[in-house]
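Take a look at the structure below.
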Amino acid sequence: MSRSEMRAGDADRQRVAERLRAALEEGRLDLQEYDERVQRAYAAKTYGDLDGLLTDLPVVVSQAVQPPVASGTATREWLGQIWGSWFAVLAVTTAVWVITCIASGAPQYYWPVWVAGPWGFFLVITTLGGLATGTPQKAAAEKQFRVLAREHQQKRRALQREAIARGELAMDATKEQRRQFIDDAIARGDLPPRPEKA
């Protein structure tokens with residue numbers, strides 16, 4: 001049995017009705033077309049009946065897929081990554097210097113400056129260059145993309161497992177069949193669009 005012949009559920013009908021409402025709000029459907037299609041959506045018995053209601057509408061891309069990266073937060077996180085180990089090493093070497101001073105009973109030359117100084121100078125140059133070129137925002141956008149891509153992959157795999165369990169997709173489906181299944185799921189709104197790098 002093909003997917004188009006399988007029985008649709010209430011959640012499927014509701015999802016199509018929501019897509020139709022979005023098309024109405026965008027001006028892609030007039031009120032009469034919207035009303036007719038919504039009635040047909042709630043009367044649909046199979047996936048084929050539902051899919052036919054959306055074939056002439058573009059895929060709705062959610063604006064929430066990639067929220068903008070907050071500039072201040074991105075900069076703070078990036079600076080923490082750049083300078084975090086420097087502060088940790090400075091704290092450890094200073095602690096060793098203090099213990100040495102206490103053990104000898106006299107103040108010693110502050111030798112941690114030879115560790116912190118050159119490294120700190122290099123980090124200042126790196127920080128100024130990174131801030132000038134927008135590196136914090138680029139790093140935050142890349143991190144956000146990886147998170148969204150991982151979430152999309154998890155949803156895609158879960159959808160494929162469900163489809164295999166329902167018999168919509170063969171267990172030994174080819175790569176091309178799986179890709180087509182995912183493209184169809186995105187077009188129906190069962191799966192959000194693939195995230196794209198900014």
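The values are calculated or read from the model by the stated rules, or taken from the named source; none is laboratory data. Remember, predicted model here, so these are calculated numbers, not experimental data. All Cβ positions, even for glycine, are placed from backbone atoms using ideal geometry, and neighbour counts span all protein chains on display. Keep in mind that these areas ignore ligands, DNA and RNA; they rest on the heavy atoms of the full protein, side chains included. Shrake-Rupley method; radii C 1.70, N 1.55, O 1.52, S 1.80 Å.
Pairs linking a residue in the stretch 24-40 that is of a type in the set (Val, Ile, Thr) to a residue that is open to solvent by less than 70 Å² (accessible area, probe 1.4 Å) and outside any loop (DSSP other than H, G, I, E, B), with Cβ atoms under 7 Å and 6 or more positions apart or on different chains, are Val38/Ala17; Val38/Leu20. Among the residues of the stretch 130-176, the one identified as closer than 21 Å to Gly9 by Cα, among the aliphatic types (A, V, I, L, M) and open to solvent by 70 Å² or more (accessible area, probe 1.4 Å) is Ala165. Condition first: under 17 Å from the mean Cα position of the chain (by Cα) and either closer than 13 Å to Glu196 by Cα or not in a helix (DSSP H, G or I) (or both). Now tell me which residues in the stretch 130-150 satisfy that. Result: Ala141, Glu142, Lys143, Gln144, Phe145, Arg146, Val147, Leu148, Ala149, Arg150.
Scan the stretch 56-84 for residues that are modelled with pLDDT of 85 or more, over 22 Å from the mean Cα position of the chain (by Cα) and loosely packed, with under 12 Cβ neighbours inside 10 Å and the total you get is 2. One residue alone among Gln137, Gln108, Gln144 is touching a residue at least 40 places away in the same chain (Cβ under 8 Å) and in contact with a Ser or Thr (Cβ under 8 Å, 6 or more places away or on another chain), and that residue is Gln137. Just to be sure before I move on: is Glu162 part of a loop (DSSP other than H, G, I, E, B), within 28 Å of the chain's Cα centre (by Cα), within 23 Å of Ala187 (Cβ to Cβ) and modelled with pLDDT under 90 in the structure I sent? Criteria not met by Glu162.
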